[in-house]
Amino acid sequence: MARPDNLARLHHMLDAAQKAVEFSRGKSLEEMRHDELLCLALVRLLEILGEAARGTAMSLQERYPEIP
């Protein structure tokens, strides 16, 4: 079983990814380029995802290499 801190990080990663998809759904690349608020939100969500991924245990990263 995964450690509680790993589970929390995985939840943060999933939540950030789902929000990024939700926020960008139906938008063209051109629309996103001109929407500064959306760009900033997406960058922050990617930061959250990356920070959470970096904090997961090495054993979890080795077991599931498809997780960023």
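Readers should treat all values here as calculations from the given coordinates under stated rules, not as data from a laboratory. These numbers come from a predicted model, not from an experiment. Reconstructed Cβ throughout: ideal geometry from the backbone, glycine too, with neighbour counts over all protein chains shown.
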*If you put +1 on each Lys and Arg Cβ and -1 on each Asp and Glu Cβ, how big is the dipole of segment 4-63 around its Cα centre, in Debye rounded to 20?*
140 debye
*Sort all Cα-Cα distances of the chain into consecutive 10 angstrom bins from zero, then give the percent of pairs in each bin up to the one containing the longest distance.*
20, 44, 24, 12, 1
_Apply the Karplus curve 6.51 cos²θ - 1.76 cosθ + 1.60, θ = phi - 60°, to the phi angles in segment 28-38 and return the couplings in whole Hz, x for Gly and Pro._
7, 4, 5, 4, 5, 4, 9, 10, 4, 4, 5
*Using the per-residue mean of other Cβ atoms lying within 10 Å as a proxy for protection, in what order, highest first, do the peptides 46-52, 20-26 fall?*
46-52, 20-26
*Set Lys and Arg Cβ to +1 and Asp and Glu Cβ to -1, take the dipole of the chain about its Cα centre, and tell me which of Pro68, Leu46, Met32 lies farthest positive.*
Pro68
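When the helix-only estimate is applied to the chain (DSSP H runs of n ≥ 4, each -39,500 (n - 2.57), divided by the residue count), what is the mean residue ellipticity at 222 nm, nearest 500 deg cm²/dmol?
Calculated mean residue ellipticity at 222 nm is -23500 deg cm²/dmol.
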*asked:* Can you give me the angle between helix 4-24 and the longest principal axis of the chain, using Cα atoms only, in degrees from 0 to 90, rounded to the nearest 10?
replied: 20 degrees
